[in-house]
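**Q** Please see the structure below; I have some questions.
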Amino acid sequence: MRLFLQFMFACTTYFMSNYYSMGQSIEEWDVRFREGNLDEKIEALYHLYFLKEVVDVDVAFSYAQHVHELGIQEGREDALAMANYCHGHYLSSKMLLEESLLRFEAAFSTFYALQNDTLCSEVYNGIGNAYFLKGDYSSAEEYYLRSIDLARTSDAERFQLIAYPNLARIYRAQKNYVEAEVLLQEYINFYEETGKLTKLGNAYGILGQLYLDQEKVETAMEYLQKGLEFQLASGSLRASANGYTNLAIANFLRGDVVQAERDFRTALKYRLQEGNPFFLAEAYFNMGDFFIEQVKLDSTIHYYLMSLSIAEESANLVGSTDACIRLAEAYELLGNTSKQLEYLKKYIALKEEHTLQASTKQLNFLRASFEWTKLEQEQRNSIREEDMQAELTYYEHTWIRWRWIMVALVLALGIIFFLKRRTS
């Protein structure tokens, strides 16, 4: 069911990556990135990538590209490692998972050499995410556990907790609800002391999801309501909209359609305030889904058309395609065959366009990733050649020095021998 899938999206996407703003805003990190030296840019990238990723992942990646270029120019392995770490997350977001794993492994090798256990732990979490997206839950669980163990050995609790919600998702998929709840409660206990409202809101959202899976709707509602309170307190329009969407779906599933409609409309209000076209199209789509379940087809068509309009304006092919197939279904229920055929044809055309665009984009991403690796290899080869040339020069100088020492010794011995013969 579409609504339930949207519930899963709202609860879980936040945990695909983690960041720590350390009390600084995105604007402050942006200033440090633009005005700082390379060391400051590396630190700022660590925070900025994930802060920017929420709004526009391609803009976020441009920061990693800049650090990568500087790392090549200055021969800085730490800069390349941080860029690779962000690149791994970027490729995961584009579902290029094998390439993503290569980038994470490249970052890990440098962080490991630098003995930075906390960043190694984060890379393991990223690898776990890639395997999760591949559907390989066994490997995902392995790397989440590695992430936790490595952070535990370095005695960094907040890094240890990064993988907890992700591991909880694995346990949820395995229907191991007890273990999942233990992890989430530990996560919540830690962040209740630090006051991270968005993290708490999302953690309670997943707890609610666990109880919905077990058909314990009233308990689920309590956690979802508590999660919403934290999301509202955070002041984040997006988090608040997610909270209301989750609550609306839960109310819908328990049969309270009146409250579900109120929650969906409130979520739409927050989406309108935020103004992000992708999520706004989703909000209108959810309204269409809600009304098609009630067989209120005039409202259904109105909201699907709104979703389609916004998706088309923002070049959102996935949103446009989804809205078209839903409109075809709605017009079929109305018995309007001509409109049904119109949107079916549009759906097929958009599907073909999306497939072509997706394959072209994937090819471009793969080419860019290849060039990225090529530049690193050329830089490392250049450093290796410089090192070898320096060694050769050193040995040449050493050989010349020793040759002159030998000549001096021979001359000294000759003089001593000559003098001894004269005195005898």
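The values are calculated or read from the model by the stated rules, or taken from the named source; none is laboratory data. Everything numeric here is computed off the predicted structure, so don't read it as measured data. Using ideal geometry, Cβ is built from the backbone for each residue, glycine included, and neighbour counts are taken over all protein chains shown. Remember, those area values only see protein heavy atoms, side chains included, never the ligands or the DNA or RNA. Shrake-Rupley method; radii C 1.70, N 1.55, O 1.52, S 1.80 Å.
**Q** Have a look at ASN37, ASN202, ASN125 and tell me which one the Gaussian network model of the chain (Cα, springs below 10 Å) gives the largest fluctuation.
**A** ASN37
**Q** Go ahead and estimate [θ] at 222 nm for the chain from helices alone: -39,500 (n - 2.57) per DSSP H run with n ≥ 4, summed, over the residue count, rounded to 500.
**A** That calculation yields -29500 deg cm²/dmol at 222 nm.
**Q** Round to a whole angstrom and tell me the spacing of the C-alpha centers of segment 149-202 and segment 212-233.
**A** 17
**Q** Work through the residues other than ALA64 whose Cβ is under 12 Å from its Cβ and net out their charges, Lys, Arg +1 and Asp, Glu -1.
**A** Neighbourhood net charge equals 0.
**Q** Let's test the formula: R0 of 35 Å, r as the Cβ-Cβ distance of ILE26 and GLU142. What FRET efficiency results, to the nearest 0.05? Intermediate values should be presented prior to the final figure.
**A** Details: r = 34 Å, r/R0 = 0.96.
It comes to 0.55.
**Q** Roughly how many Å² of ILE400 are accessible to a 1.4 Å probe, to the nearest 10?
**A** We get 70 Å² for ILE400.
**Q** Counting Lys +1, Arg +1, Asp -1, Glu -1, what net charge surrounds ALA281 among other residues with beta carbon under 11 Å of its beta carbon?
**A** Net charge around ALA281: -3.
**Q** Another one. How much accessible surface area, in Å² rounded to 10, belongs to the heavy atoms of VAL407 with a 1.4 Å probe?
**A** 60
**Q** For segment 183-237, what class follows from the C-alpha gyration tensor (a ≥ b ≥ c being the square roots of its eigenvalues): rounded when a/c is under 1.5, otherwise prolate if a/b is larger than b/c, else oblate?
**A** In terms of gyration-tensor shape, oblate.
**Q** Roughly speaking, what is the stretch gain from VAL55 to ARG254, that is 0.36 nm per residue apart minus the C-alpha to C-alpha distance, in nm to one decimal? It would help to have the intermediate numbers written out before the result.
**A** On the way: separation 199, 0.36 × 199 = 71.64 nm, distance 3.28 nm.
Full extension from VAL55 to ARG254 adds 68.4 nm.
**Q** Between THR219 and ARG152, what is the label-point separation in nm under the 7 Å Cα-to-beta-carbon projection?
**A** Once both label points are built, they end up 2.5 nm from each other.
**Q** Let me ask something additional. By the gyration tensor of its Cα atoms, with a ≥ b ≥ c the square roots of the eigenvalues, what is the shape of segment 132-198: rounded for a/c under 1.5, prolate for a/b over b/c, or oblate?
**A** Since a/c reaches 1.5 but b/c is at least a/b, the shape of segment 132-198 is classed as oblate.
**Q** How much accessible area per residue does the chain have, in Å², with a 1.4 Å probe? Can you show the working numbers first?
**A** Values: 21410 Å² over 424 residues.
In whole numbers, the chain has 50 Å² accessible per residue.
**Q** Could you report the accessible area of ARG265 in Å², rounded to 10, computed with a 1.4 Å probe on the protein chains as they sit in the structure?
**A** ARG265 has an accessible surface of roughly 100 Å² with all protein chains in place.
**Q** Evaluate the charge dipole of the chain about its Cα centre and quote only its size in Debye, nearest 20, assuming +1 on the Cβ of each Lys and Arg and -1 on the Cβ of each Asp and Glu.
**A** Roughly 960 debye for the chain.
**Q** Quick one: length gained pulling PHE417 to LEU272 fully straight, 0.36 nm per residue minus the C-alpha distance?
**A** Numbers: separation 145, 0.36 × 145 = 52.20 nm, distance 10.14 nm.
Extending this stretch completely gives an extra 42.1 nm.
**Q** Name the residue, out of TYR85, TYR131, TYR347, whose mean-square fluctuation peaks in a Gaussian network model built on the chain with Cα pairs under 10 Å.
**A** TYR347
**Q** Sum up the charges of everything whose Cβ sits under 11 Å from the Cβ of ASN166, counting Lys and Arg as +1 and Asp and Glu as -1, but leave ASN166 out.
**A** Summing Lys/Arg as +1 and Asp/Glu as -1 gives +1.
**Q** Please work out the Cα center distance from segment 59-89 to segment 262-306, rounded to the nearest Å.
**A** Taking the Cα centre of segment 262-306 as reference, the centre of segment 59-89 is 39 Å away.
**Q** Now, a different point. For the chain, with all protein chains present and a 1.4 Å probe, just round the carbon and sulfur fraction of the accessible area to a whole percent. Walk me through the numbers on the way to the answer.
**A** On the way: 11830 of 21410 Å².
Carbon and sulfur together cover 55 percent of it.
**Q** Which of these, TYR49, TYR191, TYR204, has the largest mean-square fluctuation under a Gaussian network model of the chain (Cα springs below 10 Å)?
**A** TYR191
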